[in-house]
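Here is the structure we will look at, set down as structure tokens.
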Amino acid sequence: MGSSDRSYESSSRSSISGLSNISSNNHDVVTDKNMEFIWWIANRLTSYDEEMHKEILDDFFTDDARYVHPALTVEGKYNIRKVFRVWTSLNKDEPEVTNIVFDGHTAIISLTQNLRPRVFPLMHLQVPATTTLLFCDSPKGLMIYSHQDSWSLEGIVQSMPLLGWWYDNVARNVLGSVLTSAGGFLHTANQTTGYLQFRAEEVQKISTEIIEKSSAEIQQRSKEMTVRAHIIVDQAKDTVEKRVATAREEVIRMRQLMRPQLNTKAITSGETKA
């Protein structure tokens, strides 16, 4: 269904009650009639006919509906209508709806924005854009509480003749080469880092084993030296004890040898006095 649907004479909810009566009871089943309803709303919503746009706002938008654009955000049907007036006064051509996806709650509308400023009518840019309509249930049926327009930077750049060619054939290729080189460098750096880390872990493991082995050897040598020291001390102790015993024996023997001489001296001294 294309832009010809904008030729409907009335957009009042009563005139399309068969299309707009979509409630939460049948959200899971999106019928052809539901899709016809969404296409009908999308084409009239993107129309530059102010009466059509006003009737869509009055009949299918909540009072506190929110409009989000890459350059601005407004709330309320009245403010949305004022933004529409400013936009249509600056741009000459209506957008073209190319595709719609609807799940009963959300409608994603793919369209092409025809940018032709009224002050520069020879300038014409076609920018891919996306409009997202969020619906809620109400006693009247489905109502739109959020209208979001999204323009991609890529689409804007590609829509410009010289800049688009430069972007596609120069900027993208150069950036691709730069990122490829950077990716190769990072890959090599990661591999080198991984290898160095692996080697560091090996060195640490070997060092730990050497330290543990050295510690075991040192402990063993320490034990051996301690045992030898004990043996030497015991031997020295035995030697000292033997020498002390020998000295004692010599002292006793000397005392025994000296006793007769003392007795002889005592007798001699007695006779002399007599």
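The values are calculated or read from the model by the stated rules, or taken from the named source; none is laboratory data. The structure presented is a predicted model; accordingly, all values stated were derived computationally and were not measured. No Cβ is skipped: glycine too gets one built from the backbone with ideal geometry, and neighbour counts run over all protein chains shown.
Checking each residue in the range 59-83 for being closer than 21 Å to ALA129 by Cα and of a type in the set (Val, Ile, Thr) picks out VAL68, THR73, VAL74, ILE80, VAL83.
For GLN113, work out the one condition from (1) more than 19 Å from ALA42 (Cα to Cα); (2) surrounded by 15 or more Cβ atoms within 10 Å (Cβ to Cβ); (3) among the polar types (S, T, N, Q) it doesn't fulfil. Unmet condition: (1). Are any residues in the range 87-100 within 21 Å of ALA65 (Cβ to Cβ), β-branched (Val, Ile, Thr) and either surrounded by 17 or more Cβ atoms within 10 Å (Cβ to Cβ) or under 41 Å from the mean Cα position of the chain (by Cα) (or both), and if so, which ones? Result: VAL97, ILE100. Number of residues in the range 39-61 that are outside any helix (DSSP H, G or I) and buried (at least 17 other Cβ atoms within 10 Å of the Cβ) equals 3.
Among the conditions (1) modelled with pLDDT of 80 or more; (2) closer than 30 Å to THR62 by Cβ; (3) small (Gly, Ala, Ser), GLY155 misses just one, which is (1). Residues in the range 126-140 that are among the aliphatic types (A, V, I, L, M) and out of contact with any Gly (no Cβ under 8 Å at 6 or more places or on another chain): LEU133, LEU134.
Residues considered: GLN256, GLN191. Of these, the only one that is loosely packed, with under 10 Cβ neighbours inside 10 Å, of a type outside the set (A, V, I, L, M, F, W, C) and without any contact (Cβ under 8 Å) to a residue 12 or more places away in the chain is GLN256. Listed by position, the strands (runs of 3 or more DSSP E) contained in the range 73-151 that have at least 3 residues being hydroxyl-bearing (Ser, Thr, Tyr) and touching a residue at least 60 places away in the same chain (Cβ under 8 Å) are 141-151.
When ALA171, ALA200, ALA189 are checked against the criterion of being of a type in the set (Gly, Ala, Ser) and modelled with pLDDT under 80, ALA171 stands alone in meeting it.
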